[in-house]
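To start, the structure itself, in structure tokens.
The values are calculated or read from the model by the stated rules, or taken from the named source; none is laboratory data. Because the structure is a prediction, the values reported are computed rather than measured. A quick note on method: Cβ atoms are made from the backbone with ideal geometry, for glycine too, and the neighbour counts reach across all protein chains shown.
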Amino acid sequence: MRKVPDMGQVISFINMKGGVGKTTLVVNVAYALAYKHDKKVLLVDVDPQFNASTYLMKEKQYVKHMNSDTKHTIVDIFKPKYADRFSTVTGKKGKKKKHKASLSHYIFTVYENDGRLDLIPSELNLMIIQASERMTENKLRNFLIEKATQYDYILIDCPPTISIFTQAAILASDKYLVPIKPDPLSTIGLPLLEAWLEDFTDNAGITVACVGIVFCFVRSRTLQMQAVMEDLRKQRPDEVFDSHLGLSIRVSESVERHLPVFRYVPRLKWAGQILDITEEFLNRTSGD
């Protein structure tokens, strides 16, 4: 059952291990939903490393957003009404009032045509947020319910660790998706992630369904990777996506160009892989 029936689906992209393609996947799927399928999509970056933000925003755009007196980031969702704010861009510290801002104060619009992709950027300051303030973990959920009901999908890029931001993302989510690199070290963490999710959601009294598992950064000629993929497909035939994302310098270059893979290299196979993953993502979530 949806947490908020009149909202679009809120889906966290989560893995407890870094370097598995999580941010690359969520950015590209979010962009493809808006660009290819005319969906209204909000991407929420709750990772203090803010990689999704720098993927989609050029340096000047990011600095302008950070230096604006009227623009906010994910930090302002979690902070108390009045709080010291240290700028990692200017180095200056000062008071910034958390006023009753509209959603437009938080978002950076990445793409807009028939579909739309908006981003709530993150920043390094997110690391100073503490869980000591009452109900910190519920602030993201409350924010989205109040301000973000106009989207078809809200995708959350989680940090690669269990923290209050991971907890906040899951509390706000209807579902989760696990990007995974098909190597032994990455797959070992999958049962640990699932055990934490089961325990956390049981304690919170909520249900968060699994959209599926997507293999990322796959080297097609590596026998060990192929063996890992085959084993996991046999163990979880309904969970593993048919499509996967390969490993390529072209994918890395798309980050530097601030473009999704399917716009940076539209005629190469990696673009097709992203579009296939997005189609499967739509099929797996279209019934809700």
Check: Taking into account only those residues within region 95-148 that are at pLDDT below 95 and β-branched (V, I, T), which is surrounded by the fewest Cβ atoms within 10 Å (Cβ to Cβ)?
Finding: I128
Check: Given (1) outside any helix (DSSP H, G or I); (2) within 18 Å of the chain's Cα centre (by Cα), where does D238 come up short, assuming only one miss?
Finding: (2)
Item checked: Count - residues of region 207-235 that are over 20 Å from the mean Cα position of the chain (by Cα) and closer than 30 Å to I164 by Cα -> 1
Item checked: For P184: the one exception among (1) farther than 24 Å from I11 by Cα; (2) within 19 Å of the chain's Cα centre (by Cα) -> (2)
Notebook entry, point to check: Within region 1-52, how many residues are of a type in the set (K, R) and within 14 Å of L275 (Cβ to Cβ)?
Noted result: 2
Next item on the list: Kindly check whether there is at least one residue in region 245-260 that is within 21 Å of G189 (Cα to Cα), free of Cβ contacts under 8 Å to residues at least 40 places away in the same chain and touching a helix residue (DSSP H, G or I) at 6+ places or on another chain (Cβ under 8 Å).
Entry: yes
Notebook entry, point to check: Can you tell which of D202, D276 is more than 20 Å from the chain's Cα centre (by Cα), under 22 Å from I11 (Cα atoms) and modelled with pLDDT of 95 or more?
Noted result: D202
Notebook entry, point to check: among the hydrophobic types (A, V, I, L, M, F, W, C) and over 15 Å from the mean Cα position of the chain (by Cα): does that describe L197?
Noted result: yes
